[in-house]
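Written below as structure tokens is the structure these notes are about.
The values are calculated or read from the model by the stated rules, or taken from the named source; none is laboratory data. Since we're looking at a predicted model, the values are computed, not measured. Note that each Cβ is placed from the backbone with ideal geometry, even for glycine, and that neighbours are counted across all protein chains shown. Side chains are part of the model used for accessible areas, which takes the heavy atoms of the whole protein and leaves out ligands, DNA and RNA. Shrake-Rupley method; radii C 1.70, N 1.55, O 1.52, S 1.80 Å.
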Amino acid sequence: MKTELPESHGAPVLAMSILIGAVAAIVVLATSPAWMPVLVPGASPMLWVAVALAVLLYAGHVGLAGATSGLEEWKTYSALSASEAVVRLAVIAGAALLVGNLAGLEFAVLTGTLVWLGFAAFTKGGRSGTRARADVGILKYVIQCLFAIATAAASAFLITGFPAVIKFLAEPSEFAKAAPLLLAISLTRAPIMIPLQAFQGVAMTSLINSSRPAHRVLAKPFAAILVLGLIGAGAAAFLGPYIMLIFGSSYSVDGWVLGALTMDAAFLAVLTLTGTAAMALGRHRLYLAGWIAATVASIAILLLPISLELTVILSLSIGPIIGSIIHAAGIAVRQNRKYPTFATSEPIESQ
């Protein structure tokens with residue numbers, strides 16, 4: 001049954017998200033001179049400002065998405081999630097055709113952060129989301145958000161920020177030849193990670209509302225991810241080298257590398273889902289611990305004195321596996337207390 005968030009005592013979700021985003025935007029703008037020239041050589045200060053503004057706007061997107069998910073406004077939530085990606089892709093394509101330079105593409109990437117404003121103004125579910133309140137007070141909400149931000153920072157190393165991590169850690173001569181490998185990472189992740197990102201909110205709500213243990217709720221999604229990973233790995237190993245050549249003869253990547261990267265994407269998806277389970281059960285510290293452990297392990301492996309291809313493959317498999325085990329172990333301990341094996345079918349809350 002659809003449940004409303006508390007109307008009077010809980011933290012205002014969208015307003016608090018924007019406030020946190022404003023603080024983060026100030027930090028990004030203040031530190032941009034230290035890291036932006038390394039990641040985007042020749043970037044103008046205007047790009048620094050644009051990135052900071054995008055941080056602020058994306059906080060609003062996340063806040064509205066979370067509010068509509070909590071209100072079970074699934075049509076609005078799904079449309080918002082899909083529209084952000086579609087609009088961004090369309091604007092990037094337009095910029096590539098009409099502007100044709102790196103600066104145009106850089107600013108085009110940021111346009112998706114504006115989409116939520118239209119939903120907040122013109123859709124019923126979006127307007128409901130702007131008024132939504134959390135089921136906790138402001139202080140606890142901020143603390144939970146800080147945990148989520150810390151986890152997002154850790155997970156960014158393994159997901160969106162992984163190429164930047166390689167750039168910082170790899171030898172310049174090796175990184176200069178890494179474009180095919182970085183493209184292969186993106187291409188092998190997309191078929192698994194993009195659908196999973198849309199599924200996360202549904203999985204979290206199912207876990208919160210279900211009376212069954214978490215491992216039973218997620219058994220089928222876990223199985224589907226691993227089967228998809230195995231099938232995808234085989235297909236990538238066989239067909240992937242030919243697909244990579246579409247981007248040019250210099251983008252040749254061995255089939256075994258593409259297959260291994262596809263399986264790595266499945267491991268990352270499992271880590272994402274175990275993290276979702278931990279968050280849904282209110283285990284924020286566990287959620288953070290799993291992602292930090294995965295990140296630390298992955299970065300440590302990148303420092304090994306072996307080939308870049310092998311370090312990347314090992315980093316993207318061992319790190320997520322370690323993080324998933326930590327999540328699963330912590331959830332299992334909690335679930336064993338709540339659902340002891342000697343109990344009846346009714347859950348028994350621990351005292």
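Taking the Cα centroid of the range 215-276 and of the range 27-64, what is the distance between the two, rounded to the nearest whole Å?
31
Once all Cα-Cα distances of the range 267-318 are split into 10 Å bins that start at 0, what whole-number percent is in each one?
27, 42, 23, 8, 0
Mind checking the alpha-carbon convex hull of the range 43-82 and giving the volume per residue in Å³?
Measuring per residue, one finds 51 Å³ for the Cα hull of the range 43-82.
Return the distance in nm (one decimal) between the two label points of a simple spin-label model at LYS177 and LEU105, each offset 7 Å from Cα along Cα→Cβ.
2.3
Below 12 angstrom from the Cβ of LEU308, what's the summed charge of the other residues (Lys, Arg +1; Asp, Glu -1)?
On the way: positive: LYS167, LYS177; negative: GLU171, GLU174, GLU309.
With Lys, Arg at +1 and Asp, Glu at -1, the net is -1.
Could you sort LYS177, LYS167 by accessible area so the largest value comes first, with the probe set to 1.4 Å? Don't skip to the end; give the middle numbers.
On the way: LYS177 155, LYS167 70 Å².
Reading off the accessible areas and sorting them downward yields LYS177, LYS167.
Taking amide H atoms as placed 1.01 Å from N in the peptide plane, list the residues 5 or more away in sequence, or in a different chain, whose amide H sits under 5 Å from that of ALA134.
Those qualifying (amide H under 5 Å, at least 5 residues apart or on another chain) are ALA11, VAL13.
Compute the distance in nm between two label points, each set 7 Å from the Cα along the Cα-to-Cβ direction, one at LEU117 and one at LEU39.
The two pseudo-label positions are separated by 2.3 nm.
Counting only the heavy atoms of the protein chains, how much of TYR287 is accessible to a 1.4 Å probe, in Å² to the nearest 10?
Accessible area of TYR287: about 40 Å².
Could you state how much accessible area GLU174 has, in square angstrom rounded to the nearest 10, with a 1.4 Å probe and all protein chains kept in place?
For GLU174, the solvent-accessible surface is approximately 70 Å².
Full extension from ALA152 to ALA332: what is 0.36 nm times the residue separation minus their Cα-Cα distance, to one decimal in nm?
Once the chain is fully extended between ALA152 and ALA332, it gains 62.5 nm.
What is the sum of charges, Lys and Arg at +1 and Asp and Glu at -1, for the other residues whose Cβ falls under 15 Å from the Cβ of SER324?
Once positives and negatives cancel, what remains is 0.
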